[in-house]
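Worksheet: the structure to be examined is printed underneath.
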Amino acid sequence: MADFMQQVVAGLASGSIYAALALALVLIHRATGVINFAQGEMATFSTYIAWTLTTNHGWAYWPAFAVTLGVSFLGGAAIHQTIIRPNEKGSLLRVVIVTIGLLILFNGLVTWIWGGEVRAVQSPFPAGTTEIAGVAITTADIGTIAVVVGTVAALWALFQYTKLGLAMRAAAVNPAEARLVGVRVTWMLSLGWGLAAVLGAVAGMLAAPSVFLDPNLMAALLIYAFAAAVLGGIDSPVGAVVGGLTLGVGLNLIGTYVDFVGADLRLPVALLVILVVLLVKPTGIFGKAEVRRV
Amino acid sequence: MTRARAFVPVLAFVVLAIVVAVVPAFVSAFRAQQFAYVAIYLIAIIGLNVLTGYTGQISLGHGAFMAIGGYTTAILMANHGVKDIWTIPLAGLVAGAAGFLFGIPALRLSGLYLALATFAIAVSMPAVIKRFEGFTGGGTGINLFGIPELTASLTPVSILGRELSFNDWLYYLCWSIALVGYVVAWLLLRGRAGRALRAVRDSETAAQSSGVSLPRYKTLAFGVSAAYAGVAGSLFAIATTYVNPDTFPVALSILLLVGVVVGGLGSLVGLIAGAIFIQFLPIWSQAVSKSPGAPSVVSGALLIALMFVLPMGVAGLVERLRLLTRRVYHRSSS
């Protein structure tokens, strides 16, 4: 039983990372109706910035963390303004191709600047475990969950209690009317891209210590995040978080207790989750059905 | 007028076929091999064009169907002693069946969701191949070079008394299949089926209310395009004489969609341009800079730039030029 609970907590830790990246996807999808295929690679890029600040420039972890978030925010917003916005008006395929172009670009950029070697990243949290009700939980897991919860809470407060958050929600829900009441819609959307990049950076930096840092750090993580977002409902921020945690725990338990799946087949299981959810309940757990006029 | 219009594409096709037939006489064997790969990509994107260009379904996972085709060929040759060319139609059939089956759940998905699901297939395919080791050879893959009697890799093929080198043989094999594949796709798309598929692309609701069966045509499009991908994958395996999980990476799936979009969803000229783009993009990018990662940067940047200047691809450019010349022509004649 203690072993089971331990796996659940470990699942929650990795699930919170999926949740952060899933939230990034949901944020962008709500605001611009686009799925950003480059979200994972952008996050990898951010993670490398943090790594280079701490390893090559001798920064302490948390200042590097904060600066990376700032850089990611500006980068995300800039990408929306310069690259995504001009292509938004075309067909869906065009935007998909542009985000795929970004995916290839960032993947290459990381290898170009920092090389393709696999690097170990030190965890910002002290080693060791804490025992809660007979279950030994690593400090890293607790720290990971805490950082994600903090980030999500901050975002939620931003959207719920500030005028800026209200404007962002308005721009996402009804751009035309938001514009009429004086919301600068395109800037709000850029802001959304910036925040998504921040979430991705958080996910990347938290994931790196446990899986090592290499240019393809986020490739598998992106699929898990997709699965989490679809599971929770691709338009629902709450859903992304719940979906991420559910998926994290579920995958960890299946990987541990189902021999056939093991560690190798987790990705296909995530794919299966995507397919089954889309077939049985395409709106996910928390999503609303879309009604379209023709 | 109408007869002349039907005549132009046929003429273009004949000219192309002649050009294709004589090219190996003028280029090195190495180039011939590169052009053979162009034909392989062309086959795959002709198929993807049926699905994405005509039916409007975005697939980021056609590399997975190529993998199915490639592995069908490899397994048939290595374990069952079937000669390489006879495995090609079987690879098409197996991949086509897989595509048809995937088309059934895909019926419920549209737009981005489909892009997502197919992307997930492409990403998880290598893991699945590695897992079923007994069947696929796992991470080490299957080597076809060890069985020369079943391939043309070491035993030269002679046609009409002329001996062909492996590269020339590969070139002619791939291009003849590509050209036949193009004609088949053209025949399929020009009539009732093509109209139905286009109707699905433009508006599913409208198509349905006009009596187009969405399930039938979407699964048809999936099956057909996957069959093309399977044939392409089979030729890919024959060309590389070796398959392993990394022969068909996610990047391949992405490149195929890129090829279709660069080609501009439609005309033969466009599709050939797309296939050439896929084959030579990595090579050209390496010419810009050889340091690791740089080619990807160039490819990515180029792709984004292309969407800025040519959102309709090469076919769109051709169409624009055609309209322009016609306008100039009309002005000068009046």
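Overall, the ratio between the Cα radius of gyration of the stretch A:202-248 and 2.2 N^0.38 Å, rounded to two decimals, is 1.19. Applying 0.36 nm per residue to the separation of residue B:286 and residue B:198 and subtracting their alpha-carbon distance, the gain on full extension is 27.8 nm.
Among residues other than residue A:208 with Cβ under 11 Å from its Cβ, the summed charge is 0 (Lys and Arg +1, Asp and Glu -1).
Dividing the convex hull volume of the alpha-carbon atoms in the stretch A:1-136 by its residue count gives 147 Å³ per residue. Pairs of Cα atoms nearer than 8 Å and 6+ residues apart set the relative contact order; for the stretch A:93-160 it is 16 percent. Annotation: amide H-H contacts under 5 Å for residue A:135 (H modelled 1.01 Å from N, sequence separation of 5 or more, or interchain): none.
Treating each Cα of the stretch B:203-334 as an identical point scatterer and summing with the Debye formula, the log10 of I(q)/I(0) at q = 0.11, 0.18, 0.19 Å⁻¹ comes to -0.60, -1.14, -1.19.
Averaging 1/r over every pair of different alpha carbons in the stretch A:221-266 and inverting the result gives a Kirkwood radius of 10.7 Å. Largest first and in whole Å, the equivalent-ellipsoid semi-axes of the stretch A:78-180 read 37, 27, 11, each the square root of five times a Cα gyration tensor eigenvalue. Here the alpha carbons of the protein assembly as shown define both size measures, Rg and Dmax, at 25.6, 92 Å. Only Cα pairs under 8 Å and 6+ residues apart enter the sum, and on that basis the relative contact order of chain A stands at 35 percent.
Remark: mean inter-chain Cβ contacts per residue of A:230-237 equal 1, using a 10 Å Cβ-Cβ cutoff to other protein chain atoms. Using only Cα atoms and rounding to the nearest 10 degrees, what angle (0 to 90) does helix A:266-280 make with the longest principal axis of chain A? Computed tilt is about 40 degrees. What do you get for Rg/Rh of the stretch A:1-75 when both radii come from the Cα atoms and Rh is the Kirkwood radius? On the Cα set of the stretch A:1-75, Rg over Rh gives 1.10. The eigenvalues of the Cα gyration tensor, multiplied by 5 and square-rooted, give the stretch B:1-76 an equivalent ellipsoid with semi-axes of 28, 24, 10 Å from largest to smallest. Packing-based ranking of B:90-98, B:8-16, A:37-45 yields A:37-45, B:90-98, B:8-16, ordered from highest to lowest mean Cβ neighbour count within 10 Å.
Each residue, residue B:10 and residue B:317, gets one label point 7 Å from its Cα in the Cβ direction; the gap between the two is 3.0 nm. The mean count of C-beta atoms from other chains within 10 Å of the C-beta of residues in A:105-114, rounded to a whole number, is 6. With the biggest extent put first, the Cα atoms of chain A measure 57, 49, 36 Å across the principal axes.
Counts of other chain beta carbons within 10 angstrom of each beta carbon in peptide B:111-119 average 6. Each of B:41, A:61, A:18, B:113 has some number of other Cβ atoms within 10 Å of its Cβ, and from fewest to most they run A:61, B:113, B:41, A:18. With the gyration tensor restricted to C-alpha atoms of the stretch B:29-112, the semi-axes of the equivalent ellipsoid amount to 26, 19, 9 Å, longest first.
When each of B:45, B:75, B:142 is scored by the number of other beta-carbon atoms lying within 10 Å, the sequence from fewest to most is B:75, B:142, B:45. Across the stretch B:14-137, C-alpha contacts under 8 Å between residues 6 or more apart give a mean separation that, scaled by the residue count, equals a relative contact order of 28 percent.
Its residue count N fixes a reference of 2.2 N^0.38 Å for chain B, and the Cα radius of gyration divided by that reference is 1.02.
Computed on the Cα trace of the stretch A:131-176, the radius of gyration divided by the Kirkwood hydrodynamic radius gives Rg/Rh = 1.32.
Just so you know, all these numbers are worked out from the coordinates, no wet-lab data involved. The structure presented is a predicted model; accordingly, all values stated were derived computationally and were not measured. Quick reminder, even Gly has a Cβ in these numbers, built from the backbone with ideal geometry, and neighbours come from all protein chains shown.
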